[in-house]
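Data first, discussion second: the structure below is written as structure tokens.
The values are calculated or read from the model by the stated rules, or taken from the named source; none is laboratory data. All values derive from a computational prediction rather than experimental measurement. Virtual Cβ from ideal backbone geometry, glycine too; neighbours counted across all protein chains shown.
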Amino acid sequence: MYTSPFTTFIPPYTPPSGPSNETPILRPIPVRPISFVLGFALPPPLIEETPRPPTPAPMLTSLYSINITPWKPRELTREKELAKMIKNTQKACEEHFTKQDSLARAQEATGAFVVVNPVNPYIDPALIRSTLDYLYYLPIDKNFSFSHGTFRNIASRTKMEDADFYIDHPLFILTGVLDGHKGDGVSKYVKNEFERRFKKPDSIDPQKDSIFSIFENTIHRINAKIFAKKRLDKQGSTAVICCIDKKTGRIYTATLGDSEANIYRRIDGILESIPLSCIRDWESLKDEQRAFQYYPGKALEFCYCPSAKHRRIAGLNVARAFGDKHIAAISAKPKITIYQLHFGDVVVLCSDGLKNYVPEEKIVETIDKQLKTTETANPGTISLNLRAAGMNAMPLKEGHGDNITVTVIQVSEKLSFETPDEKKESPPKPLI
């Protein structure tokens, strides 16, 4: 007789002698396989029990003690907000750097490609850790100048579901890329909401207002309005939204899902990528725990997925997004980071239509090539060439591939008629 490897059958049981109102029975006991996430197996339950009505399958609360109460914005002090953003920035750099190293080793081991440039295109997290300390000091006003360019393409999809916005305010720049799924309703709605709220002259003062709090409250309110719209029930959108303080060059980034932003900076003559986004799919431990609690059956399915892109709930492989009301495990809680821009930096926001098909080293190479040529060293040309790289790497068959949206911001020094003495900087003052 065939026996399932996931079920243990107990030999027939002979009931004890003597009167009894109920005869104990034995039934097959499912034995859960060892998960690569857990690293241990659950102890088997008792095998003897009296007959009772069937009960629903228990959620895996014994495995995880995570709170699955719907997310709400937090009330934190400025010091705690800053500490959280700095921690997220460090986390984003470590996650990208480690994942790139693991991918390179796996591909090299399987002979998938020949390693031409073994250098990781992402900045070393150890180097980032030392620069983050400066964020605890009050920023210094500088003569920043910003130029931008955006290109988008439907690619081989039948519909354009991406959306983007760019708000150039006297005090700040607010820009975002939104990657819709199951329709373009949510991405367009979020774009319109951000433009409506922040095009007002008195909307934000980055040096007085808490950008962390503004991001959390705005995203929470917009998501609540999406939930109230019946036509958007089964649609959603990932997002990456950046707010740049024009005076100080501080950049704040809020990320939902797998759209992302990066700074490309030349360090010791080499262009390196500084991640600003914490990607959140079902490979993220906390999001995976939340999925297991809402959908216990996914625990086994996730164990056999070759990559995060193949882990899906209701067809969706991202764990955080606007909308998706029909998927209880999806959260709209953003991961918010902070970093300091320098003259010469290039900031790129993009949907996963670029990053899924173009490796990071190719993106760095494309930007580096453009910056070395005076005629093409502008954000419009850079965004156009990145979009072209994504298009060339995609399958041409209709329905495959993905929409591509790329926004590029180039940071430079504003021309000034001040003398060098007038431009002398004072030392930074501690913020906390």
For a quick check of your reading of the model, give me the residue pairs whose first member lies in the stretch 340-352 and is without any contact (Cβ under 8 Å) to a residue 24 or more places away in the chain, whose second is not in a strand (DSSP E or B) and not polar (S, T, N, Q), with beta-carbon atoms closer than 7 Å and at least 6 apart or on different chains.
none
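Given the options Lys159, Lys182, name the one that is in contact with a Lys or Arg (Cβ under 6 Å, 6 or more places away or on another chain) and among the basic types (Lys, Arg). Let's see the steps before the verdict.
Working: Lys159 fails: in contact with a Lys or Arg (Cβ under 6 Å, 6 or more places away or on another chain).
Lys182 is the lone residue from the list that is in contact with a Lys or Arg (Cβ under 6 Å, 6 or more places away or on another chain) and among the basic types (Lys, Arg).
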Condition met for Arg197 (surrounded by fewer than 16 Cβ atoms within 10 Å (Cβ to Cβ) and either among the acidic types (Asp, Glu) or under 27 Å from Lys84 (Cβ atoms) (or both)):
no
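Identify all residues within the stretch 252-277 that are hydrophobic (A, V, I, L, M, F, W, C) and either surrounded by fewer than 22 Cβ atoms within 10 Å (Cβ to Cβ) or within 18 Å of Asp162 (Cβ to Cβ) (or both); write none if there are none. Full working, then the answer.
The first filter runs over the stretch 252-277 and keeps only residues hydrophobic (A, V, I, L, M, F, W, C), leaving 254, 256, 261, 263, 267, 270-271, 274, 276.
Residues satisfying the conditions are Ala254, Leu256, Ala261, Ile267, Ile270, Leu271.
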State all residues of the stretch 170-194 that are surrounded by fewer than 18 Cβ atoms within 10 Å (Cβ to Cβ) and under 16 Å from Cys243 (Cα atoms); if no residue qualifies, say none.
Pro170, Leu171
Looking only at residues that are in contact with a Pro (Cβ under 9 Å, 6 or more places away or on another chain) and not in a loop (DSSP other than H, G, I, E, B) in the stretch 147-183, which one is nearest to Asn317 (Cα to Cα)?
Thr150
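Report whether or not Leu431 is within 30 Å of Lys80 (Cα to Cα) and at pLDDT 95 or above.
No; evaluated as a whole, the condition is false for this residue.
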Given the conditions (1) of a type outside the set (A, V, I, L, M); (2) part of a loop (DSSP other than H, G, I, E, B); (3) in contact with a Lys or Arg (Cβ under 8 Å, 6 or more places away or on another chain), and given that Lys208 satisfies all but one, which numbered condition is not satisfied?
(3)
Candidates Lys335, Lys325 - the one that is at pLDDT below 95 and not polar (S, T, N, Q):
Lys325
